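Structure first, commentary second.
The values are calculated or read from the model by the stated rules, or taken from the named source; none is laboratory data. Remember, predicted model here, so these are calculated numbers, not experimental data. Cβ sites come from the backbone with ideal geometry, for glycine too, and all protein chains shown count toward neighbours. These accessible areas exclude ligands, DNA and RNA; they are computed on the full protein's heavy atoms, side chains included. Shrake-Rupley method; radii C 1.70, N 1.55, O 1.52, S 1.80 Å.
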Amino acid sequence: MADLKEADLLHLGLERLHEELGGKMVPFAGYLMPVQYPDGVLKEHLHTRSAAGLFDVSHMGQVILRPKGTMEALKLAFEALMPVDVLGLAEGRQRYGLFTNDGGGILDDLMFTNRGDHLYVVVNAACKAADIAHMTAGMPGVSVEPVTDRALLALQGPGAEAALEAVVPGIAAMRFMDHRVIGDIWVSRSGYTGEDGFEVSVPEAEAEGFARKLLAQPGVAPIGLGARDSLRLEAGLCLYGHDIDTSTSPIEANLTWALQKARKAGGAREGGFPGAARILKELAEGPERVRVGLRPEGRAPMREGVELFADDGTPVGRVTSGGFGPSVNAPIAMGYVARAHATLGTTLLGEVRGKRLPVTVSELPFHPTTYKR
């Protein structure tokens, strides 16, 4: 059975390079991917914070949306799938989005870019087939075109700008959430590490040579899934399928910042998206539970699934992501807590191996962000 599962895994175009670099390959989201390299997760994490880390994120879904009619019609059709302002996104800019279902839960989180005569969308690997079907069914006036011949790399950290500028001149002028097409290279400036960073889509035939050029730059090292997870946790960012899912609303998930004024009550295009009744009600009245940062006492991490209790033993929530934060040199976690117990500084108890240990509701992110505004 193990052999059959391995045979079903998809392979990255850069797999040979990962193996050459000593990457430990593991199954993730249907792909065989590097979880770490010889330096190990801790050093990879700290290297990204101090210099620059190169991540292969080619498993993510890249999609082009083209209008069969006008761009305005395309934007409004896309906007009808989520509680986000698509119409107001300027050309050359990128935005974080959320597909919601009729119950107000999150089908996926994504990034989308206005490229003038079309939209470019990047979705999570495990959701991409469902997302493509969802967009195709939900936008009959739009051509939904999966991109299958390009790799996607992410260069993150304080040294990312200098390293990428040396390979792709002109990117240094980009701001946070800018997007540029430079020849056959597509570049955005965002990042899931909390650090200044870039995401670069390159033709698959050119990906290995491009990756090698980046790795040849001072301070650039290959980074695996392990450090990717600890970096995004320190940045307080959600991992789909863990911190957000089809039962979780954007308001519960503390993602209210992702919903622009135009789509909220009293906005120019209030509602009109799946789950609007629940989402707008929670915006007005507050959700019953909310995603919070959590700081366990001591050195033992509280990982996903740890149940949380009030002092009197009442169950109040559960950890959805947790581990050790190398940059903060302490265990950190995120989870959902009943609103009455979600105030910063509240002490709860997390049950770890039969013992209930103190954990404090904390601010997010755990580590300061350094995006280039």
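Of note:
- CYS127 contributes about 20 Å² of solvent-accessible surface, heavy atoms of the protein only, 1.4 Å probe.
- Placing +1 on each Lys and Arg Cβ and -1 on each Asp and Glu Cβ, with no other charges, gives segment 1-98 a dipole about its Cα centre of roughly 340 debye.
- Residues whose placed amide H lies under 5 Å from that of VAL306, excluding near-sequence neighbours: VAL319
- Sorting 180-187, 162-169 by average packing, meaning the other beta carbons within 10 Å per residue, from highest down gives 162-169, 180-187.
- Solvent-accessible surface (1.4 Å probe) assigned to HIS11 amounts to roughly 110 Å².
- Measuring nothing but protein heavy atoms, the accessible surface of the chain at 1.4 Å probe radius is 54 percent carbon and sulfur.
- Counting only protein heavy atoms and a 1.4 Å probe, the chain has 42 square angstrom of accessible area per residue.
- Applying the Kirkwood pairwise sum to the alpha-carbon positions of segment 288-373 produces a hydrodynamic radius of 12.8 angstrom.
- Dipole magnitude for the chain: computed about the Cα centre from +1 point charges on Lys and Arg Cβ and -1 point charges on Asp and Glu Cβ, it is near 760 debye.
- Extension gain, LEU10 to ALA340, is 114.3 nm, computed as 0.36 nm per intervening residue step minus the present C-alpha separation.
- Sequentially through segment 63-68, phi angles give Karplus couplings (6.51, -1.76, 1.60; θ = phi - 60°) of 9, 9, 10, 10, x, 8 Hz, Gly and Pro residues having no value and appearing as x.
- Positive-end residue, segment 77-130 charge dipole about Cα centroid, Cβ charges, pick of LEU81, GLY97, ALA126: ALA126
- Positive-end residue, segment 4-80 charge dipole about Cα centroid, Cβ charges, pick of GLY53, GLY69, GLY30: GLY69
- Each stretch of four or more DSSP H residues adds -39500 (n - 2.57); spread over every residue of the chain, this sum gives -6500 deg cm²/dmol at 222 nm.
- Net charge dipole size for segment 288-373 [Lys, Arg +1 and Asp, Glu -1 on Cβ; Debye, nearest 20]: 340 debye
- Enclosing the Cα atoms of segment 150-231 in their convex hull gives a volume equal to 88 cubic angstrom per residue.
- Structure-derived log10 I(q)/I(0) by the Debye sum over Cα atoms at q = 0.06, 0.07 Å⁻¹ - corresponding label in (i) -0.19, -0.26; (ii) -0.26, -0.35; (iii) -0.23, -0.31: (iii)
- Farthest toward positive dipole pole in segment 268-371 [+1 Lys/Arg, -1 Asp/Glu at C-beta], among ILE279, ALA333, GLY317: ALA333
- Cα gyration tensor shape of segment 260-338, rounded if a/c is under 1.5, else prolate or oblate by comparing a/b with b/c: prolate
- At full extension, GLU297 and VAL328 could sit 9.8 nm farther apart than now, given 0.36 nm per residue minus the alpha carbon distance.
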